[in-house]
Amino acid sequence: MCAAALDEYCGSVFWNASYLGRDDPDLPICVEQTILVWIPLGFMWLCAPWNLMPLCRRSQVNKKNWTKLYFCKQLVVILLFLTAIGGLTVTLVEDFGPNSSGEKSPAVYYTNPVLFAVTWILLLLCQEGLRRKERAVDSASLFIFWLLLVLCDIFTFQTLLREALRLGEVRDIPRFSLFYISFGLEVIALILSAVADIPRDAKELVKKNPEAGAAFLSRITFNWFNSMALKGYKKPLVQEDMWDLNEADNTTYISQRFNQHMMYELGLARIRLQKKLKNRLIKNQGKTVEDVPQSNGLGKGVSRDVLMMEEKGTKDDDKKKKKEKKKKEKTDYPNSWLVNTISKTFKGILIESAFYKLVQDLLTFVSPQLLKLMISFTQDKSSYVWEGYLYAVLLLVVALLQSLTLQQYFQRCFVLGMKVRTALMAAVYKKALVMSNDNRKESTVGETVNLMSADAQRFNDVTNFIHLLWSCPLQIVVSIVFLWMELGPSTLAGLAVMVLLAPINGLLAAKARKIQVENMKFKDKRLKIMNEMLNGIKILKLFAWEPSFQTQVKDIREKELKVMKRFAYLTSVSTFIFTCAPALVSLVTFAVFVGVSSENILTPEKAFTSISLFNILRFPLAMLPMLIASIVQTTVSKKRLEKFLGGDDLDSDTVRHNPDVDSAVSITKGSFAWGKDSEPVLKDVSLDIKPGRLVAVVGAVGSGKSSLVSALLGELHSTDGFINIQGSLAFVPQQAWIQNATLRDNILFGSPYEDRRFQEVLEACALGPDLKLLSAGDMTEIGEKGINLSGGQKQRVSLARAAYSQADVFLLDDPLSAVDSHVGKHLFDKVIGPNGLLKNKTRILVTHGVSFLPYVDEVIVLVNGQVSEIGSYQSLRDNKGAFSEFLDTYAKDQSNQKSSEEDDFQVTEDLEVIPESEDTQADYPPEDAVSFTLRRENSIRRSQRGNRSSVRSRKNSSLKPTEAVGEIKGQKLIEKETMETGQVKFSVFLQYLRAMGWGYAFWIFALYFIQNVAFIGQNLWLSDWTNDAAEYMNQTYPGWKRDTRIGVFGALGLAQGVFVFLGTLLLANASVNASRILHSRLLDNILRVPMLFFDTTPIGRVVNRFAKDIFTVDEAIPQSFRSWILCLLGVLGTLVVICLATPFFAIIIIPLAVVYFFVQRFYVAASRQLRRLDSVSRSPIYSHFGETVAGLSVIRAYNHQERFLKHNEETIDENLKSVYPWIVSNRWVAIRLEFLGNLVVFFSALFAVISRDSIDSGLVGLSISYALNVTQTLNWLVRMTSELETNIVAVERVSEYSKLENEAPWVTQNRPSENWPEEGRVQFEDYKVRYRPELELVLRGISCNIASKEKIGIVGRTGAGKSSLTNCLFRIIEAADGRILIDGLDISTIGLHDLRNRLTIIPQDPVLFSGTLRMNLDPFDKFSDEDLWRVLELSHLKDYVVGLKEGLQHEVAEGGENLSVGQRQLLCLARALLRKSRILILDEATAAVDLETDNLIQNTIRKEFSHCTVLTIAHRLHSIMDSSRVMVLDAGQIVEFDTPSNLLEKRGHFYSMAKDAGITQQTASAFF
């Protein structure tokens, strides 16, 4: 019926099969006039609304965007419109013109021109709409329309041409001409629509981000990436070459969207949690009522205090409690909200990628059907040749479409993964800024960094493949349907095998997950120790403790490797199953098929179509269990992230800012605790501080002074009462927090720079002179943790930051303790005191310095967390309460301070005091910043700096300000991380193979090779088998033949599995071997590297080698190594098989190989460098994060969270700039390689058509089904080569640090006697030292004798070489000349450990490691518990430790955070007492300690070390006035060396220093 109507409409026959049943087929004209016109026009009309939308918006017509290209496009369309009108005119003239014949033209000649005319008008509007669209450079729909139109018109084109040639004339000249004119115009339009139309104002944007200006064709083939690939090939890419990110890919945009959804989902989750807890409470209360005695208060309803009292229940109860607690921990946080949040935030990309995946999946099944047609074409010699060519072309077209959609899908998925990682990293950072103390307690810095790195990465990896969750089942179902059509019910046999294999995989996956979790635990533990070791490396060296920590790390590593080996064995079992699966499935299916009935004969179509389908099936079956396993792994990360992100925030209402209250700071009956469930540290505190007052807070160690400051900052949990603070806060913490930025940025801290104010602050904080010493003045880069500043400088920078901030209330947590007393006085006078910079502000000063108390408005005395007295200095003294006791303890010290105050100083006067003759150093060349810094650093974070002496010694300091301006070599302290560039050297691969063992390597390769041979053999056997079908055409198939065929086929399949299994097992052992060797080399070497290395390398960089790089060596390299071998063998096998089938193909291999090689080289060069940039730009994210967590209280106090969030976003963006191109580079190469693979398919089909007479159909099937597989394998080969190269970089990086220069050996042949040094005599003989060979001397010929049991004080200006002297005794730096003798033995002849074990130092910074107290005192377990208790008693810690529940086994937190600074210092003293060595070096550690602890330490040292030689590096001259002799150093030389009293009489250097410190002859006599 329909056909008849169309016949009438066209005026000719619509369809007749005879058109195709000949050698030169054609389509009927009617089909060309109807169907082929309607397809493109229909598409256009469907897409039109989308393109017309911008016209509906009311916006100004932007004339700027009118480009030449736009006018050309519009012109072509107008011309096409005219041709349509022309067509209509011709018809009208024919029908109604003067010489019209009576019969009318068919309807089609009216409708088609009209349809076209309307379409062209629509198109004009669409192109205008496109021009108005924001940031659009072309339209995909318009391009596809033009393409469809041209393709459809090609049929008409050839029909008209062939007719004209046949007849030798053109029948209908007007329509003929119009058609060819419009065809030409359409081709022009197609070309124009493929060009990007970039408006003038977007030119700049496109330069910075070519993707923004890429046309449709360029977008789908990723051509816009060419310029970067080329650049990357010519020279290694650097961060500056990276393009800007698209708007939707930058961190700010992503994290804003993520946060909106997160707030909502998290809210719901919290409500769910509340309900759950309520139910549990009701349940538990029921229990509690029934059996109170046993429940031991575990019902949530019972108060904590009852629990505390009943804590002493039986052991049994404890166990029960632990279990309950574990259970509680598992669930007591809002859970299952993260996945929802992610899916809602990114639903756009998810839907797009799902669409592409669906299309690609369906296209996958077209190829096997075409293959089937192709095989029957070669069998049926009567079919026309054009059918064969048609199938070959169709195979190519389908493959191309498949490649394009697949790459678009991958692009979307990987970008999604990147975005998810970004969102999570930003969220974790944001959370860290507002995290409550309970939360902070639960996760160490290392663990939080892990959330950002490892866990976010897990999510990234899973989201890449998330669509496989539905796509795999879909592919499986469709494959089965097609297989059923081929083989009928026998398919079920194959299916049954697959289904049976699934639970085995599930079991393996679950087991693997358990192992993985265990592995993570060991990793965390190992990294935690590494981190601490590197942070305290100086202490490890000074105490010779490296071996103890080395064994700790090695033990954990061994456990980790054991777990890894178990994991690898599991993997090899699952690999075995995977490899056997396809062979087994096809074996069972074919066996059942032939066995069921003798009618069933295996023909080539059936066999190879089925094998193609089984090959398709292989992918989803292999991926599903892997995907499930990785989802399972991600659930661990999901839990960790949900727990962290869902934890409580800091209660922002603890501190109110109510402007109506008239006092600046008020606390009303406040009780505060560190956590929700812990005991309050401050009880019932009430304070009222009026604006503009200076209030001092005093009290003994542990009385809660710092806790009070934390409470005011809102860091503590308020259990009762509230705090009100008016205006903004500035905070100076007890331990200065310095950022890795310039000095100026550290002080400005985000405020705008005002020169006058800045100079005032510098002046007041006595930083002016220090700046002259720094190479770039206030623009000098400060290293991580302020490494190139001394303790005092850090503290002053921290104070300057507060002073510059112009806040209203200043909280100063003991900022004056880290500086010398006179610097302290200067700071008090100029900044804090009644006449300082801050005189009109409210200041709360926690202090140990009694001397400042008379000048403050009010003193608050704390005792045991309670305010015991408040009042002015005088009234409190008269009260005779706790305060006057506090004062009496320090009365002596008080009087010394007094005398120094009378001698009020003036900087200018001091400068004139210096006798000119002392200006010795003017002629020395300037030092470079590094050596200067190191000398600074080596005054182990000296607390001296910037006191009066330093102000005045500037005049003869070694760096002349004028010279400092010029670049001096080695200025930058922290060297930029070296990034290997160019191709990875072959030697690195060899190194890895060597670490695996050559025997292993050979056998692994051999086994994999045999497996591949078996695979090819199996397929050739099958091809031979299918040819039996022709042989036994009409006969019964003999049973013996059938059994042989099946048996051999099965045996070859099994052999594959066995060989792969063996190969993988060997690889597992080999890679664990390699991991062990590489890690232990790295560890051994890092511990033997000289101190200089750690001073110039950020710790993060070293940790990165132990974390990321070792992880790569452990897990990524073995995996990519295995895949690479399998891919390589797979590709070679395929090519061999195709060449066997169609020898012609060999000709094509060479050009293809050349193209392949170039694409691969271009890609690998760019991709490898992008990966390196990625890992280098990733470190700053983590180090900035670590820095933020360390300085949280400061950032919160200044309310700068927003600024730090911004900075974090910028840092992540910098990283994304290299991640995004890397993702694109993978797509860029994939699409090019897939095109190559598609060509392989096309040519193998083409040659099969050409040589169809000489080839049997079994081989055709074999070669094409292999070719269909090659695309994937080719792709993988390049990816694996690149991945292997990228991953092997880790070996390169690890070995770089395994080859660093070592310090002297720990133990040599020449060992001192057991009890050396017996007397403790020290001699320096013309001793000279420099930090690095190319630098100036730091000590310039020191000679002196120190007798046994002498007490020597060492003093000198900053940079005089005091610390260098101690470093030389321990050989932290080695002599350039001269020697040191201890008891007559030259220390440079013995091993470092023999030396360091016999000396003792009490360092300035008390460094503790996480572990037990016992381990901190005695890591080698050399001493008995009695010894330890004895030293704890001597160091006044016994009462404290006895009070702890675990005693000596008390766990010390990371960095000793759970002990006060004073307690840490006393622990260091206990360490020294334990070693009982004859020589003690005291790097005066009293800086951060209050006077009470100071006295304890001094007295203990006097008493306990009376039989030792003691060298004290002094910052406070008071402490060395009673020494036997004093050594005065200046510029690396001894200028004076005598008893204190003689030196005072000489009136030289020492005298002027004593005068500065307020010590005169009269006061000094008190000491002697």
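The values are calculated or read from the model by the stated rules, or taken from the named source; none is laboratory data. As the structure is a prediction and not an experimental result, all values here were calculated from the model. Here the Cβ positions follow ideal geometry from the backbone for every residue, glycine too, while neighbour counts run over all protein chains shown. Quick note on the areas: whole protein, heavy atoms, side chains included, nothing else; ligands and nucleic acids left out. Shrake-Rupley method; radii C 1.70, N 1.55, O 1.52, S 1.80 Å.
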Between the stretch 232-263 and the stretch 438-458, how many Å separate their Cα centres?
23
Length-normalised contact order of the chain in % [C-alpha pairs under 8 Å, at least 6 apart]:
11
Using only Cα atoms, tell me the angle between helix 604-645 and the longest principal axis of the chain; keep it within 0 to 90° and round to the nearest 10.
20
With no solvent term and unit scatterers on the alpha-carbon positions of the chain, Debye gives log₁₀ I(q)/I(0) at q = 0.04 Å⁻¹ of -0.37
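May I ask you to compute the full-extension gain from Ala3 to Leu887, defined as 0.36 nm times their residue separation minus their alpha-carbon distance, rounded to one decimal in nm? Mind showing how you got there, number by number?
Values: separation 884, 0.36 × 884 = 318.24 nm, distance 11.36 nm.
Extra length from Ala3 to Leu887 when fully extended: 306.9 nm.
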By accessible area of protein heavy atoms, probe 1.4 Å, what ranking do Lys1351, Lys1422, Lys538 get, highest first?
Lys1422, Lys1351, Lys538
When the charge dipole of the chain is computed with +1 at the Cβ of Lys and Arg and -1 at the Cβ of Asp and Glu, the Cα pointing farthest to the positive end, of Val77, Phe176, Ala583, is that of Ala583
For Glu1187, Glu169, the accessible-area ranking with a 1.4 Å probe, largest leading, is Glu169, Glu1187
For a quick check of understanding: with a 1.4 angstrom probe and all protein chains in place, what accessible area in square angstrom does Val1136 have, to the nearest ten?
80
Simple Cβ-charge dipole of the chain, Lys/Arg +1 and Asp/Glu -1, about Cα centre, in debye nearest 20
2040
Between Asn246 and Leu92, the two model label points (7 Å from Cα along the beta-carbon direction) sit apart by a distance in nm of 4.8
Among Lys275/Lys639; Lys231/Lys1108; Lys1328/Lys1546; Lys73/Lys133, which pairs are too far apart, with a Cα-Cα distance over 25 Å?
Lys231/Lys1108; Lys1328/Lys1546
Under 5 Å between amide hydrogens, which residues at least 5 positions from Ala196 or on another chain qualify, with H placed 1.01 Å from N in the peptide plane?
Ala215
Using the alpha-carbon atoms, what tilt in degrees (0 to 90, nearest 10) does helix 385-434 show relative to the longest principal axis of the chain?
20
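Just need the relative contact order of the stretch 601-719 here, percent rounded to a whole number, with Cα pairs under 8 Å and 6+ apart.
On the way: 95 pairs, mean separation 27.9, N = 119.
Averaging sequence separation for qualifying contacts and normalising by length gives 23 percent for the stretch 601-719.
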Separation between Cα centres of the stretch 333-394 and the stretch 105-132, rounded to whole Å:
34
Applying a 10 Å radius around every beta-carbon, put 1342-1348, 521-527, 855-861, 23-29 in order of their mean neighbour count, most first.
855-861, 521-527, 1342-1348, 23-29
May I ask which residue of Val1510, Asn746, Thr448 lies farthest towards the positive end of the charge dipole of the chain, with charges of +1 (Lys, Arg) and -1 (Asp, Glu) on Cβ and the Cα centre as origin?
Thr448
The farthest towards the positive end of the charge dipole of the stretch 644-716, of the residues Ala696, Leu650, Ser666, given +1 on Cβ of Lys and Arg and -1 on Cβ of Asp and Glu, is Ala696
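Could you calculate the FRET efficiency of Cys56 with Gln1449 from 1/(1 + (r/R0)^6), where r is the beta carbon distance between them and R0 is 56 Å, rounded to 0.05?
Efficiency for this residue pair is about 0.15.
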Förster-model FRET efficiency, 41 Å R0, Asp688 and Arg280, C-beta, rounded to 0.05
0.40
Give me the one-decimal nm value for the distance between modelled label points at Asn226 and Leu124, 7 Å along each residue's Cα-to-Cβ direction.
3.5
Span from the the stretch 1254-1320 Cα centroid across to the the stretch 721-780 one, whole angstrom
47
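Ranking request for peptides 1374-1387, 716-729, 1509-1522: highest mean number of other beta-carbon atoms within 10 Å first, then the rest in descending order. It would help to have the intermediate numbers written out before the result.
Working: 1374-1387: 16.9, 716-729: 18.9, 1509-1522: 23.0.
Top of the packing list down: 1509-1522, 716-729, 1374-1387.
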antiparallel share of DSSP beta bridges within the chain, to nearest 5, in %, is 55
Difference of contour (0.36 nm per residue) and Cα-Cα distance, Val573 to Ala140
151.1 nm
Rounded to the nearest 20 Debye, what is the dipole magnitude of the stretch 1331-1482 about its Cα centre when Lys and Arg each give +1 and Asp and Glu each give -1 at the C-beta?
500
Could you run the Karplus curve 6.51 cos²θ - 1.76 cosθ + 1.60 with θ = phi - 60° over the stretch 1324-1332 and give me ³J(HN,Hα) per residue in whole Hz, x for Gly and Pro?
9, 10, 6, 8, 10, 8, 9, 6, 9
In percent, how large is the relative contact order of the stretch 685-816, given Cα pairs closer than 8 Å and 6 or more residues apart?
38
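Going by average Cβ density within 10 Å per residue, which order do the peptides 1307-1315, 1140-1148 take, highest to lowest? Mind dumping the intermediate values first?
Numbers: 1307-1315: 10.6, 1140-1148: 17.1.
Answer by packing, highest mean first, reads 1140-1148, 1307-1315.
Taking the Cα centre of the stretch 490-583 as the origin, how large is its charge dipole in debye, to the nearest 20, when only Lys and Arg (+1) and Asp and Glu (-1) carry charge on their Cβ atoms?
That gives a dipole near 220 debye.
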Using alpha-carbon coordinates, inclination of helix 347-364 to the longest axis of the chain, degrees
40
Can you pick out the pairs among Lys430/Lys638; Lys985/Lys1217; Lys669/Lys705; Lys690/Lys841 whose Cα atoms lie more than 20 Å from each other?
Lys985/Lys1217
For the chain, what does the helix formula give at 222 nm: sum of -39500 (n - 2.57) over DSSP H segments with n ≥ 4, over the residue count, nearest 500 deg cm²/dmol?
-20500 deg cm²/dmol
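With Rg and the Kirkwood Rh both taken from Cα atoms, where does Rg over Rh land for the stretch 610-666?
Numbers: Rg = 27.2 Å, Rh = 16.7 Å.
That ratio equals 1.63.
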Cys72 to Lys347: FRET efficiency via 1/(1 + (r/R0)^6), r the Cβ-Cβ distance, R0 45 Å, to the nearest 0.05?
0.70
What are the residues whose amide H is under 5 Å from the amide H of Met1527, where those residues sit 5 or more places off or on another chain and H is modelled from the backbone?
Gly1353, Ile1354, Val1355
